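> Structure incoming, see below.
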Amino acid sequence: MSSLSSVLIVSPHKLLRDCLVASLASEEVFGRPLAVATAEEAVTHCLSASPDLLVVDAALPGRVAGELLANIRRLGLPIRTAVLGLPDDAEAILAAIEVGADAYVSREAGLVELKRTLAGLAAGESFCPPRVALRLFQRLAELAAQAGGTPPPKPQAPPPLTPREAEILKLVAEGLPNKEIARRLYLSLATVKNHVHSILDKLGVPGRWAAAAYLRNDRSLALGALPRGGVAV
């Protein structure tokens, strides 16, 4: 079995990150694993290094884990994904699969099962318990019935950004907070916040890190959109 070039773990818990990195690094198949604490860091690393395998801790706050998986899929990155710590519930597992998970490890699983699951992904395989497979088939049947044979609508391109929004998006992608953007562009903080909200709405993304990921995947969105003589609000 060939080794992976890289494995990325994203979890808010430092102890878990450290333990998983140390354990996976002891086996050649997992290459040289790395770990980050936030979805923002995970997206940045995935865009720059494109790891073979992304392990997402379901304990990420709110709906961040699902949003991260969905954005990895939306960006079209060739990264296999596994969710760590899901409840042993068919609906929860199905929800993870629907947003982009290739595999999962339940809360009750141990390290041996985790490694077996990840090794399977490394070999291009995945495992689905019979009861979850049954629910997947039922879900596919439901979707087919809802579609009624009608082809899905073509995805629409997001509304174009204004030159100012494109400029602000580039600064957001550089990691600048709103206060620094306002200082650099000589704008009020409230104006910058309004622009950021408009950018997120137009792109249909949940947060700043996702907007930055969108820009990195589609540079034409902003590059070239700015006039040489400056930008007007």
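The values are calculated or read from the model by the stated rules, or taken from the named source; none is laboratory data. In this text the structure is predicted, and so the values were computed from the model without any measurement. Every residue, glycine as well, gets a Cβ built from its backbone with ideal geometry; the counts of neighbours run over all protein chains shown.
> Which pairs turn up if I take residues in the range 181-192 that are in contact (Cβ under 8 Å) with a residue 24 or more places away in the chain and closer than 12 Å to I168 by Cα and look for partners that are part of a helix (DSSP H, G or I) and among the polar types (S, T, N, Q) with beta carbon separation below 9 Å, at least 6 apart in sequence or on another chain?
V192/N178
> Let me ask you something else. Scan the range 80-90 and give yes if some residue there is more than 19 Å from V7 (Cα to Cα) and under 10 Å from the mean Cα position of the chain (by Cα), otherwise no.
no
> Now for a different question. Identify, please: which residue in the range 35-52 is touching a residue at least 60 places away in the same chain (Cβ under 8 Å) and acidic (D, E) and is, among those, nearest to G76 (Cα to Cα)?
Here the residue is D52.
> Okay, moving on. What residue, among those in the range 66-91 that are under 19 Å from Y214 (Cα atoms) and among the aliphatic types (A, V, I, L, M), is surrounded by the most Cβ atoms within 10 Å (Cβ to Cβ)?
Filtering the range 66-91 for residues that are under 19 Å from Y214 (Cα atoms) and among the aliphatic types (A, V, I, L, M), the one surrounded by the most Cβ atoms within 10 Å (Cβ to Cβ) comes out as L68.
> Do we have any residue at all in the range 76-92 that's touching a strand residue (DSSP E or B) at 6+ places or on another chain (Cβ under 7 Å), at positive phi, in contact (Cβ under 8 Å) with a residue 12 or more places away in the chain and not in a helix (DSSP H, G or I)?
Taking every residue of the range 76-92 in turn, at least one turns out to be touching a strand residue (DSSP E or B) at 6+ places or on another chain (Cβ under 7 Å), at positive phi, in contact (Cβ under 8 Å) with a residue 12 or more places away in the chain and not in a helix (DSSP H, G or I).
> To continue, here is another question. For G110, state whether it is small (G, A, S), exposed (fewer than 14 other Cβ atoms within 10 Å of the Cβ) and within 23 Å of A210 (Cα to Cα).
Judged against the criteria, G110 is not a match.
> Restricting attention to the range 25-43, and to residues there that are touching a Pro at 6+ places or on another chain (Cβ under 8 Å) and small (G, A, S), which single residue is surrounded by the fewest Cβ atoms within 10 Å (Cβ to Cβ)?
That would be A25.
> When you go through (1) in a loop (DSSP other than H, G, I, E, B); (2) modelled with pLDDT under 85 one by one for E98, which number turns out not to apply?
So E98 meets the others, but not (1).
> Name the residue that is modelled with the highest pLDDT, counting only residues in the range 183-212 that are in contact with an Asp or Glu (Cβ under 9 Å, 6 or more places away or on another chain) and under 16 Å from A70 (Cα atoms).
This residue is R208.
> Can you tell me how many residues within the range 172-182 are crowded, with 17+ Cβ neighbours inside 10 Å and either modelled with pLDDT of 95 or more or outside any loop (DSSP other than H, G, I, E, B) (or both)?
Number satisfying all stated conditions: 5.
> Follow-up. Of all residues in the range 27-79, which are within 11 Å of the chain's Cα centre (by Cα), among the small types (G, A, S) and modelled with pLDDT of 90 or more?
Within the range 27-79, A39, A42 meet the criteria.
Let's see how each residue does on (1) in contact with a Cys (Cβ under 9 Å, 6 or more places away or on another chain); (2) under 24 Å from G175 (Cβ atoms):
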residue	(1), (2)
L53	no, no
V56	no, yes
L60	no, yes
R63	no, yes
E67	no, yes
A70	no, yes
L75	yes, yes
P78	no, no
V83	no, no
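Okay, residues lined up against (1) in contact (Cβ under 8 Å) with a residue 40 or more places away in the chain; (2) touching a strand residue (DSSP E or B) at 6+ places or on another chain (Cβ under 7 Å); (3) within 16 Å of R80 (Cα to Cα):
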residue: L15; (1), (2), (3): no, no, no
residue: D18; (1), (2), (3): no, no, no
residue: L24; (1), (2), (3): yes, yes, no
residue: V29; (1), (2), (3): yes, no, yes
residue: P33; (1), (2), (3): no, yes, yes
residue: L54; (1), (2), (3): yes, yes, yes
residue: G66; (1), (2), (3): no, no, yes
